[in-house]
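A quick write-up on the structure given underneath.
The values are calculated or read from the model by the stated rules, or taken from the named source; none is laboratory data. Quantities reported herein were computed from a predicted structural model and do not represent experimental measurements. Please note: Cβ atoms are built from the backbone with ideal geometry, for glycine as well, and neighbour counts cover all protein chains shown.
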Amino acid sequence: MTRIHPHLEGENTDVASKKEDILKNVSFTPPIFDTDSSKTSEEIYEPSRISNVLILYPPESPEFRKQANENVYIFLGLGGAAIIVTFFQFYCFQTVCNRLIARLRTEYVRSLIRQNAEWFDKNHSGILTSTLNENIERIQEGIGDKLGVLVRGLAMITAAIIISFIYEWRLSLIMLAMTPFSCAIMAFQSKKMEESTMKELNDVAQAGAIAEESIMGVRTVQAFNGQNEMVNRYKHELTKGKKYSIETSYWSGLLEGFFFFMLYTFLGIGILYGGYLLKVGVFSNPGDVFICIMTQLLGAYFVGLISPHLMVLLNARVAAAVIYETIDTVPEIDVYSNQGQILTNPKGLIEFKNVHFRYPSAYFVGLISPHLMVLLNARVAAAVIYETIDTVPETDVYSNQGQQLTNPKGMIEFKNVHFRYPSRKDVKVLNGLNLTIYPGQTVALVGHSGCGKSTSVGLLTRLYEAESGLITIDGMDVREINIQNLRHIVGIVQQEPTLFNDTIAENIRISNPQITEQRMIEVCKMANAHEFIQNLPKSYDTLIGDGGVQLSGGQKQRIAIAR
């Protein structure tokens with residue numbers, strides 16, 4: 001068998017004609033092997049012969065069957081190649097997507113843990129949890145296999161336009177007039193989708209916050225018979241989100257229908273004008289008219305095909321905006337920071353010397369909200385996720401900077417400390433606090449609610465920064481002590497301790513993962529917790545539920561003391 005190629009025997013074929021035929025053949029028909037020397041190469045390799053077989057040959061003729069069979073083999077080969085290419089396309093895009101999403105989840109959670117108490121005063125934990133679940137899921141939908149389909153569609157659109165112009169530029173221009181209409185429809189649809197999606201995500205996050213709040217405080221909800229109230233609040237937020245979802249569907253359906261109306265309109269125009277060009281001799285055969293029109297329609301079809309995937313990608317962009325906003329947030333007190341001195345031999349003397357503090361105002365949260373919406377609409381999805389990931393707070397809990405206090409004695413001093421809570425700038429909590437606590441001394445801070453008792457402990461561990469004044473441990477400014485070291489040497493048992501949905505052993509180990517089982521039992525005995533732990537079904541391996549819901553208040557306190 002011999003391989004026959006167009007223009008192989010032509011001596012006087014110009015370069016432009018050769019390039020044109022090569023492009024046509026590669027685009028539509030791969031090489032065909034034939035031993036029939038009675039046919040010219042142009043007959044075998046006529047680019048439009050696939051359509052000409054259907055148009056020119058009578059169905060009952062032997063030539064029709066022979067040519068049709070050859071076309072079947074061609075498309076079988078193309079189908080086999082498409083299987084391989086499509087497999088690698090989806091495999092590669094999905095693999096990259098899964099790895100990126102895993103990293104994104106890790107960086108988001110890492111950034112959340114990094115933030116200070118001031119940041120959580122303004123950001124509800126339920127909203128943050130909903131953001132992690134809902135937004136990451138939408139990002140995963142947008143950058144996975146759908147992104148591959150989008151890239152493939154754009155490539156097909158470009159190729160279709162080029163091939164159509166190679167065949168006949170006048171007919172192609174007529175058909176291409178549909179492009180501005182298609183772009184306008186997609187741009188308007190994108191704008192509507194982005195607006196509705198952002199509002200829907202916000203309402204869904206609010207609903208998630210209510211659900212988490214209800215579950216975490218289920219005993220309180222039941223004690224005050226507030227089940228119906230919480231369910232109604234949750235339903236109200238979901239209903240608000242549903243309204244925007246329906247609005248998105250309305251615009252998508254309307255614009256999609258208008259797009260196909262334009263598609264069929266220009267199809268009719270193309271057939272009419274193509275027939276005229278065939279009549280006047282611009283086209284040599286009807287197959288060329290068919291190819292020119294169908295390549296343009298194929299491009300228009302892919303515009304419509306990628307439109308839903310483009311909407312998913314747009315949703316991913318909006319969702320990622322919220323994620324990156326958190327990741328890039330750098331708290332003023334960065335627990336990842338390595339700055340600060342190490343308190344090596346603390347005596348335990350703590351002094352608050354004229355410390356002033358006031359919580360920052362939450363006014364700016366409302367002030368930046370409209371600008372934040374504009375920012376989210378203007379940025380790509382990745383920009384927002386990494387905005388949170390790259391946020392380095394001033395007091396970084398992951399930082400190794402600062403001095404290590406290796407053998408603290410426990411001398412604590414507050415020297416003229418002033419403080420206001422960030423969310424209540426108008427209320428001064430501490431107004432020149434001076435306090436000295438000597439090593440081994442038991443001190444009780446007594447006063448009315450809101451006078452700064454818990455605040456003083458928060459300032460000692462740098463959950464907040466004082467407005468002015470000095471706080472020292474063994475004479476060393478707490479701001480010069482490494483933040484991790486500082487929080488390691490200062491143990492806190494809150495009035496309502498927070499326990500995690502894990503075993504008792506893991507809750508105790510959270511502050512010291514290397515602790516041995518023997519040492520754990522010793523500290524539990526010291527905290528008067530060992531006896532009731534032993535009476536539990538699985539002792540130290542007992543799961544205590546979300547927030548320690550299976551334990552009494554006193555039991556949670558004793559586990560917190562042991563921890």
**Item:** Scope region 164-198; condition at pLDDT 75 or above, of a type in the set (D, E, K, R) and in a helix (DSSP H, G or I); matching residues
**Value:** R170
**Prompt:** When S454 is evaluated against the numbered criteria (1) farther than 30 Å from V427 by Cα; (2) not in a loop (DSSP other than H, G, I, E, B), which criterion, by number, is the only one it fails?
**Reply:** (1)
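Considering only residues of region 459-487 that are small (G, A, S) and crowded, with 22+ Cβ neighbours inside 10 Å, which is farthest from the chain's Cα centre (by Cα)? Let's see the steps before the verdict.
Step one: list which residues in region 459-487 are small (G, A, S), which gives 466, 468-469, 475.
Filter again for crowded, with 22+ Cβ neighbours inside 10 Å, leaving 466, 469.
Details: A466: 35, G469: 42 Å.
Here the answer is G469.
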**Request:** Go through (1) over 25 Å from V330 (Cβ atoms); (2) assigned to a helix (DSSP H, G or I) one by one and return the number of the condition L459 breaks.
**Result:** (1)
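Looking at region 414-429, can you tell me whether even one residue there is surrounded by fewer than 19 Cβ atoms within 10 Å (Cβ to Cβ), hydrophobic (A, V, I, L, M, F, W, C) and modelled with pLDDT under 80? Show your work before the answer.
Keep residues of region 414-429 that are surrounded by fewer than 19 Cβ atoms within 10 Å (Cβ to Cβ), which gives 423-428.
Filter again for hydrophobic (A, V, I, L, M, F, W, C), leaving 427.
Then keep just the ones that are modelled with pLDDT under 80; that gives none.
Scanning region 414-429 turns up no residue that is surrounded by fewer than 19 Cβ atoms within 10 Å (Cβ to Cβ), hydrophobic (A, V, I, L, M, F, W, C) and modelled with pLDDT under 80.
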**Fill in**
When G469 is run through (1) in contact with a strand residue (DSSP E or B) (Cβ under 6 Å, 6 or more places away or on another chain); (2) in a loop (DSSP other than H, G, I, E, B); (3) on the phi > 0 side of the Ramachandran plot, the failure sits at (2)
**Asked** Right, I504: within 30 Å of Y438 (Cβ to Cβ), under 40 Å from the mean Cα position of the chain (by Cα) and either among the aliphatic types (A, V, I, L, M) or surrounded by fewer than 16 Cβ atoms within 10 Å (Cβ to Cβ) (or both) or not?
**Response** no
**Complete set of residues in region 319-350 that are closer than 17 Å to L460 by Cβ, at pLDDT 70 or above and in a strand (DSSP E or B)** = L343, K347, G348, L349, I350
**Request:** Considering only region 94-113, state which residues are surrounded by fewer than 14 Cβ atoms within 10 Å (Cβ to Cβ) and under 11 Å from the mean Cα position of the chain (by Cα).
**Result:** A102, R103
**Message:** Tell me yes or no: at least one residue of region 517-533 is touching a residue at least 12 places away in the same chain (Cβ under 8 Å), under 38 Å from the mean Cα position of the chain (by Cα) and in a helix (DSSP H, G or I).
**Reply:** no
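Name the residues in region 475-490 that are aliphatic (A, V, I, L, M) and part of a strand (DSSP E or B), would you? Spell out the reasoning first.
Going through region 475-490, the residues aliphatic (A, V, I, L, M) turn out to be 476, 478, 481, 483, 486, 489-490.
Hits for region 475-490 are M476, I481.
Looking only at residues in region 279-290 that are within 18 Å of I163 (Cα to Cα) and in a helix (DSSP H, G or I), which one is farthest from the chain's Cα centre (by Cα)?
Residues of region 279-290 within 18 Å of I163 (Cα to Cα): 282-290.
Next, from what is left, pick out any that are in a helix (DSSP H, G or I): 286-290.
Working: P286: 51, G287: 48, D288: 47, V289: 46, F290: 44 Å.
Per the stated criteria, the residue is P286.
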